[in-house]
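Down below is the structure, laid out as structure tokens.
The values are calculated or read from the model by the stated rules, or taken from the named source; none is laboratory data. Only a predicted model underlies this, so the values are computations on that prediction, with no experimental measurement involved. So basically every Cβ, Gly included, is an ideal-geometry build from the backbone, and we count neighbours across all protein chains shown. Remember, those area values only see protein heavy atoms, side chains included, never the ligands or the DNA or RNA. Shrake-Rupley method; radii C 1.70, N 1.55, O 1.52, S 1.80 Å.
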Amino acid sequence: MNDINYVDVGQGPVALFVHGVGTSSYLWRHVIEDLRDERRCVAIDLPLHGGSASRDDLSIPALAEAVAELCEELDLTDVDLVGNDTGGAVCQVFAVRNRERLRTLTLTNCDVHTNTPPEAFKPTVELAAAGQLTELMAVLLDQPELMAGSALGEGFERIDDPKELVDAFVRPILTKPGGGRDFERLLTSIDAKDMIAIEPELTLLTVPTLLVWGTGDVFFDVSWARWLRDTIPGVREIAEIEGGRLFFPDERAAELVPHLRRFWAAQK
């Protein structure tokens, strides 16, 4: 587990946060700041992201296994699991494989079933497949203001400090040996077949589940939240964040946290 980096702050019941492709545990910093006085907040850097090393297998099931390894290492049980973006897909796979570790599941805008990767992200995946994405990403290191026009930038309503986000999300990937190529490999390994394969298990997942969905997301339309509601018997409700984009857990954390508190309290 020396290759996996994570944040672990606060005391109390465990909340475990999982980010998606191209971000890191830093995505959850505002949520964690609000909750750390009442929760033990653990946020993983998935393999290759943040302070974590790369791995040979970067598929969604393999990323879910990394989350399972962290839970084993830290002896995390009765977990309130929260996922965003590709991390939400990772959480779905983790949940059907590790039901016994979960108290609740919360999914924000994320890959679901056949929308993996989402249509609006496929041009980026195609660049990765052609080996052309690394060079484009590297430009952001010196010209972070260009982030607004990238797929990553599309996930935000506004970016006040692009350098902060490039340094937190992009730089850690590209400065690892072979990191750019590994990131391209990761993107091309995201496959809907992995999500379609768990559909039968999702229909049996009774873990209390909350869906918090930004309605302004170009990648993951709210219709996918409804698909999850109609598929997972544990879903209690869909809470909509009006106009919220993919990364609303970062820029609108103050709207997510009350939903988490209310949902978690209702499961006692």
Of (1) surrounded by 16 or more Cβ atoms within 10 Å (Cβ to Cβ); (2) without any contact (Cβ under 8 Å) to a residue 24 or more places away in the chain; (3) among the aliphatic types (A, V, I, L, M), Ala130 satisfies every one except (1)
Exactly one condition in (1) under 17 Å from Met195 (Cα atoms); (2) without any contact (Cβ under 8 Å) to a residue 60 or more places away in the chain; (3) among the β-branched types (Val, Ile, Thr) is false for Thr108; which is it? (2)
Here's a check for you: in the stretch 245-268, which residue that is in contact with an Asp or Glu (Cβ under 7 Å, 6 or more places away or on another chain) and outside any helix (DSSP H, G or I) is nearest to Thr209 (Cα to Cα)? Leu246
Can you name the condition, by its number, that Ile238 falls short on among (1) among the β-branched types (Val, Ile, Thr); (2) surrounded by fewer than 17 Cβ atoms within 10 Å (Cβ to Cβ); (3) in contact with a His (Cβ under 6 Å, 6 or more places away or on another chain)? (3)
How do the pairs read when you match residues in the stretch 14-41 that are closer than 21 Å to Asp167 by Cβ with residues anywhere that are open to solvent by 10 Å² or more (accessible area, probe 1.4 Å) and among the aliphatic types (A, V, I, L, M), using Cβ under 7 Å and keeping only pairs 6 or more apart or on different chains? Gly22/Leu152; Ser24/Ala168; Ser25/Val7; Tyr26/Ala168; Ile32/Val7; Ile32/Val9
Could you tell me which residue of the stretch 138-186 is farthest from Phe247 (Cα to Cα), considering only residues that are of a type in the set (Asp, Glu), assigned to a helix (DSSP H, G or I) and touching a residue at least 40 places away in the same chain (Cβ under 8 Å)? Asp182
State which residue is modelled with the lowest pLDDT when the search covers only the stretch 231-268 and only residues that are of a type in the set (Lys, Arg) and farther than 18 Å from Gln92 by Cα. Lys268
Assess whether Leu205 counts as being in contact with a Gly (Cβ under 6 Å, 6 or more places away or on another chain) and hydrophobic (A, V, I, L, M, F, W, C). yes
Restricting attention to the stretch 1-59, and to residues there that are acidic (Asp, Glu) and closer than 30 Å to Ala265 by Cα, which single residue is least open to solvent (accessible area, probe 1.4 Å)? Asp45
Subset of the stretch 200-211, residues surrounded by 14 or more Cβ atoms within 10 Å (Cβ to Cβ) and in a helix (DSSP H, G or I), comes to Glu201, Leu202
When you scan the stretch 67-89, how many residues do you find that are open to solvent by less than 10 Å² (accessible area, probe 1.4 Å), out of contact with any Gly (no Cβ under 6 Å at 6 or more places or on another chain) and not in a loop (DSSP other than H, G, I, E, B)? 10
Among the residues of the stretch 242-268, the number that are crowded, with 16+ Cβ neighbours inside 10 Å and over 25 Å from Asp111 (Cβ atoms) is 0
Identify the residue in the stretch 1-52 that is small (Gly, Ala, Ser) and part of a loop (DSSP other than H, G, I, E, B) and, among all such residues, is nearest to the chain's Cα centre (by Cα). Gly20
Restricting the stretch 102-127 to residues that are open to solvent by 30 Å² or more (accessible area, probe 1.4 Å) and either in a helix (DSSP H, G or I) or of a type in the set (S, T, N, Q) (or both), which is farthest from Leu202 (Cα to Cα)? Leu127
Starting from the stretch 208-231, keep only residues that are touching a residue at least 40 places away in the same chain (Cβ under 8 Å) and of a type in the set (Phe, Trp, Tyr), then list their pairs with residues that are open to solvent by 10 Å² or more (accessible area, probe 1.4 Å) and assigned to a helix (DSSP H, G or I) whose Cβ atoms are within a distance under 6 Å, requiring at least 6 positions of separation or different chains. Trp213/Val222; Phe219/Ala120; Phe219/Phe121
